[in-house]
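Here's the structure we're looking at; comments come further down.
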Amino acid sequence: MSKFDFDSLRKELEEKGAAIKSLDEAQHIRNEFAGRKAMTAASGSISSIKEPAERKEYGKAFGAYKAFAVQFTDELLQQFERRAKQQSLDLTLPGSRFHSGSLHPLTQVQNEVIDVFRGMGFSVETGPEVESVFYNFDALNTPEWHPARDLSDTFYVDMKGEDRLNWVLRTETSPVQIRVMQTKKPPIRIIAPGRVYRSDKPDATHTPIFSQVEGLYVDEGVSFADLKGTVLAFYRAMFGSDIKTRFRPHFFPFTEPSAEVDMSCIFCGAKGCRVCKHSGWLEMGGSGMVDPKVLDVVGIDSEKYTGWAFGLGIERIAMLKFGVNDLRLFYENDVRFLSQF
């Protein structure tokens, strides 16, 4: 097998490279001078050289040629690929629209809620989403027979080495209130935003996972009037100064007395419409004075201190602010829906 003249090959490659006019010709030259067959043939000549010094010199020459041929043909290919791309580009076509990201509508509403309460002196607290039964039920004065503790209503979590009924996906953010009251002394004024979980069948107004904000205020001399004023100020900040609120007697295990909070309908001005079922009012959430038993559990003197708490749904507020009639839209991740916000 004869040896290759790498200087002549290099010169021939340069001459042919300067003369090509298309991407196909560049690919052909690549195969001819730097392809697998060409390199195998050139390197195979080494075996025919008997003298070690000469074989070493030939190997160095082959290595230098191979590096040159690969780089030269690569550059040729890139050059003609760029030309082909430029020729296929129609500069008269309109540009592609750039879509920028944004916060999810529920995140936007939650941030707005937090800003309103921070303006009223509340701090923001968070807690774990996998919660013990003690914090989620026992400390909140929810007895074992209460229906909220049924397997049909609550997601229980298997924890290694633990009784399955000891841990749950929290059903509300009230456990955060317990954790805060265990570690801080009054006055306490907090809100606890976060995701909560309940075993609900998804429909236009229910979903197994949703977002909630709960508030807590504990100090000496705290009254129901403080609760009413705070809630009214919040809803007016969110929906306008014409908003009115009303409190209807209700029952919650962790508050006494307890009340459901209604807000005057923002769509009909409390005159009555389809959204408010012609009542003029929209149901917004629960509230009440903290039950003394809850204060006693966390070591706060219920003879000296009183407090109130409330809870509201972020999705409920978002649906009203944005005119959305199906809760599931917030969780389906349809870009056509989300891009409106």
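The values are calculated or read from the model by the stated rules, or taken from the named source; none is laboratory data. It should be emphasised that the depicted structure is a prediction, and the values quoted were computed from it without experimental measurement. Every residue, glycine among them, receives a Cβ derived from its backbone with ideal geometry; neighbour counts consider all protein chains shown.
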_Index of the failed condition, Phe234 passing every other in (1) within 31 Å of the chain's Cα centre (by Cα); (2) of a type in the set (A, V, I, L, M, F, W, C); (3) surrounded by fewer than 18 Cβ atoms within 10 Å (Cβ to Cβ)_ = (3)
_Kindly evaluate Thr205 against the criterion of being of a type outside the set (Lys, Arg), at pLDDT below 90 and within 30 Å of Leu151 (Cα to Cα)._
yes
*Checking Leu91 against (1) farther than 19 Å from Pro253 by Cβ; (2) more than 24 Å from the chain's Cα centre (by Cα); (3) touching a residue at least 40 places away in the same chain (Cβ under 8 Å); (4) surrounded by fewer than 12 Cβ atoms within 10 Å (Cβ to Cβ), which test does it fail?*
(3)
*Condition test on Arg30, is it in contact with a Ser or Thr (Cβ under 6 Å, 6 or more places away or on another chain) and at pLDDT 75 or above?*
yes
_Among the candidates Ser123, Ser152, Ser132, Ser174, residue that is in contact (Cβ under 8 Å) with a residue 24 or more places away in the chain and exposed (fewer than 12 other Cβ atoms within 10 Å of the Cβ)_ = Ser152
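Yes or no, residue by residue, for (1) touching a Ser or Thr at 6+ places or on another chain (Cβ under 7 Å); (2) over 17 Å from Thr230 (Cβ atoms); (3) outside any helix (DSSP H, G or I); (4) touching a residue at least 60 places away in the same chain (Cβ under 8 Å):
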residue: Glu283; (1), (2), (3), (4): no, yes, yes, no
residue: Leu295; (1), (2), (3), (4): yes, yes, no, yes
residue: Glu303; (1), (2), (3), (4): no, yes, yes, no
residue: Leu312; (1), (2), (3), (4): no, no, yes, yes
*Would you please list the contacts, defined by Cβ atoms under 8 Å and residues six or more apart or on different chains, that run from a residue in segment 324-338 that is of a type in the set (D, E, K, R) to a residue that is exposed (fewer than 12 other Cβ atoms within 10 Å of the Cβ)?*
Arg328/Asp203
*Would you point out the residue of segment 303-321, among those that are closer than 10 Å to Val109 by Cα and in contact with a Pro (Cβ under 8 Å, 6 or more places away or on another chain), that is surrounded by the fewest Cβ atoms within 10 Å (Cβ to Cβ)?*
Ile314
_Selection status of Arg246, part of a strand (DSSP E or B), among the basic types (Lys, Arg) and out of contact with any Ser or Thr (no Cβ under 7 Å at 6 or more places or on another chain)_ = yes
*Among the residues of segment 201-230, write down those that are surrounded by fewer than 17 Cβ atoms within 10 Å (Cβ to Cβ) and either outside any loop (DSSP other than H, G, I, E, B) or acidic (Asp, Glu) (or both).*
Asp203, Ile209, Asp219, Glu220, Phe224, Ala225, Asp226, Gly229
*In segment 155-171, which residue that is of a type in the set (A, V, I, L, M) and within 24 Å of Gly285 (Cα to Cα) is surrounded by the fewest Cβ atoms within 10 Å (Cβ to Cβ)?*
Leu169
